[in-house]
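The values are calculated or read from the model by the stated rules, or taken from the named source; none is laboratory data. The shown structure was predicted, so the numbers you read here are calculated from the model rather than taken from an experiment. Note that each Cβ is placed from the backbone with ideal geometry, even for glycine, and that neighbours are counted across all protein chains shown.
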Amino acid sequence: MIKRFLASVLAAGAITCAMSAQTVSVQTQPKESEYQFTTVKEAPITSLKNQYRSGTCWCFSQISFLESEIIRTKGLKDIDLSEMFVVGKSYHDRAVKYVRVDGALGFSAGSSFGDVMHVIEDYGIVPQEAMPGLNYGTDKPEHSEMDEILKAYVDAVKKNPNRKLTPAWIKGFDGVVAAYLGEYPAEFTYNGATYTPQSFRDWLGIDTKDYVNLTSFTHHPFYEPFAIEVCDNWRWDTAWNLPIDELMEVMYNAIEKGYTIAWGSDVSEKGFTRTGIATVPDIDIKPSAGSDQEKWVGKDEKTASQADETKAPEKVITQEMRQEAFDNKQTTDDHGMHIFGLAKDQRGNNFFMVKNSWGEAGDYKGIWYASDAFVRYKTLNIVVHKDALPKDIKKKLGLK
């Protein structure tokens with residue numbers, strides 16, 4: 001879901017609480033038949049957030065990724081960026097485009113990693129304290145009312161009842177956003193210094209051209225960029241296309257070198273459990289139905305079939321299986337998360353350590369463990385720093 005971040009195009013990618021930097025080391029002592037993980041390598045992450053009743057995983061995960069980048073490059077361990085600054089600006093840009101194309105564009109809460117990068121490039125960024133984005137009386141995001149009102153608003157505008165749009169419509173739209181998320185600060189003070197959103201971005205050292213978006217599908221040529229065909233990619237950004245073995249090589253190399261990864265994945269199958277495990281068991285499991293935490297993990301207790309997954313061998317994933325699942329709509333752009341480390345289970349199998357945005361859900365207090373097979377099968381796209389790529393892969397893409 002993203003435009004080419006490099007090679008003359010803007011960097012971008014697919015598709016709430018006070019924050020302090022932390023390194024999460026989880027040494028669990030599980031019950032029989034459950035997993036035990038030992039951390040192999042991890043990078044610092046900021047504290048867990050809760051997107052709650054909002055379809056903004058794309059923003060929470062990419063912001064978390066960028067916060068880890070700021071820790072890595074600037075050593076600023078207490079960084080806490082405003083997700084709702086990005087969400088509001090994204091809605092503005094999307095409304096303009098939606099009306100411009102007469103509604104022939106997805107308009108919803110979902111979006112992409114690349115959207116975050118566009119907003120930061122065009123508007124800058126602010127700390128959480130400068131724009132908490134909770135002007136509607138709750139302590140966590142609840143966006144259903146706002147989402148419905150904004151969709152109805154742009155649908156009314158696109159009908160163009162006066163046969164000529166007035167300049168008032170976008171001001172009205174922004175006014176609704178501000179009523180829910182707050183006004184965008186023109187200036188703010190951070191650690192005793194005064195910034196604008198743009199100067200704060202520059203002080204943090206965020207350069208969107210340093211990041212690449214990667215995917216792996218066979219309906220487009222490898223080593224070329226293409227726009228991933230999902231509704232949330234409303235900016236029509238492109239991703240570099242790699243064979244799946246090379247995409248996985250990038251991910252392992254990134255973790256080994258101390259980088260983290262913004263991860264867009266399908267999490268709609270039962271292998272992505274409510275307990276904090278993501279695997280592809282080689283057994284017949286019916287896919288779940290339902291949106292975000294409630295949709296993907298539900299409210300029910302762990303079932304017997306889910307418990308048995310810890311003992312089941314995993315499927316061997318091929319490029320063809322990935323493509324078939326994407327073509328059949330079994331792999332969709334469900335959820336954005338943040339990969340920050342690598343662990344091994346008690347059998348020596350590799351699992352990626354994943355920071356989710358559902359608060360302290362699951363057995364590992366907000367951290368998920370995704371197997372190599374799951375990541376290989378269900379990754380839609382990733383965003384990484386360009387220097388996280390192995391040299392030979394970077395050369396194949398013509399990146400410097």
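Quick notes on this structure:
- Taking segment 78-91 as the range and being in contact with a helix residue (DSSP H, G or I) (Cβ under 6 Å, 6 or more places away or on another chain) and either surrounded by fewer than 24 Cβ atoms within 10 Å (Cβ to Cβ) or assigned to a helix (DSSP H, G or I) (or both) as the test, the residues that pass are ILE79, ASP80, GLU83, MET84, VAL86, VAL87, GLY88, LYS89, SER90, TYR91.
- Test: residue in segment 268-275 that is at pLDDT 90 or above and either out of contact with any helix residue (DSSP H, G or I) (no Cβ under 9 Å at 6 or more places or on another chain) or not in a loop (DSSP other than H, G, I, E, B) (or both): yes
- Within segment 206-226, one or more residues are of a type in the set (S, T, N, Q), in a helix (DSSP H, G or I) and under 20 Å from the mean Cα position of the chain (by Cα).
- Count of residues meeting criterion [part of a helix (DSSP H, G or I) and in contact with a Ser or Thr (Cβ under 9 Å, 6 or more places away or on another chain)] in segment 248-267: 3
- Output for segment 177-207, where each listed residue is more than 18 Å from LEU76 (Cβ to Cβ) and buried (at least 16 other Cβ atoms within 10 Å of the Cβ): VAL177, TYR180, LEU181, GLY182, TYR184, PRO185
- Residue check for GLY124: touching a Leu at 6+ places or on another chain (Cβ under 7 Å) and within 30 Å of PRO44 (Cα to Cα): no
Let's see how each residue does on (1) in contact with an Asp or Glu (Cβ under 9 Å, 6 or more places away or on another chain); (2) surrounded by fewer than 24 Cβ atoms within 10 Å (Cβ to Cβ); (3) within 20 Å of ARG201 (Cα to Cα):
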site: CYS59; (1), (2), (3): yes, no, yes
site: LYS74; (1), (2), (3): no, yes, yes
site: LYS97; (1), (2), (3): no, yes, no
site: ARG100; (1), (2), (3): no, yes, no
site: GLY110; (1), (2), (3): yes, no, no
site: GLY114; (1), (2), (3): yes, no, yes
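- Yes/no for LEU10 being of a type outside the set (S, T, N, Q), surrounded by fewer than 21 Cβ atoms within 10 Å (Cβ to Cβ) and at pLDDT 50 or above: no
- Of all the listed residues (LYS394, LYS355, LYS329), the sole one being under 19 Å from TRP263 (Cβ atoms) and of a type outside the set (Asp, Glu) is LYS355.
- Residue match in segment 119-131 (condition: at pLDDT below 95, part of a loop (DSSP other than H, G, I, E, B) and of a type outside the set (S, T, N, Q)): no
- The residue pairs whose first member lies in segment 243-254 and is farther than 13 Å from LEU380 by Cα and aliphatic (A, V, I, L, M), whose second member is assigned to a helix (DSSP H, G or I) and modelled with pLDDT under 95, and whose beta carbons are closer than 8 Å, counting only pairs six or more residues apart or on different chains, do not exist in this structure.
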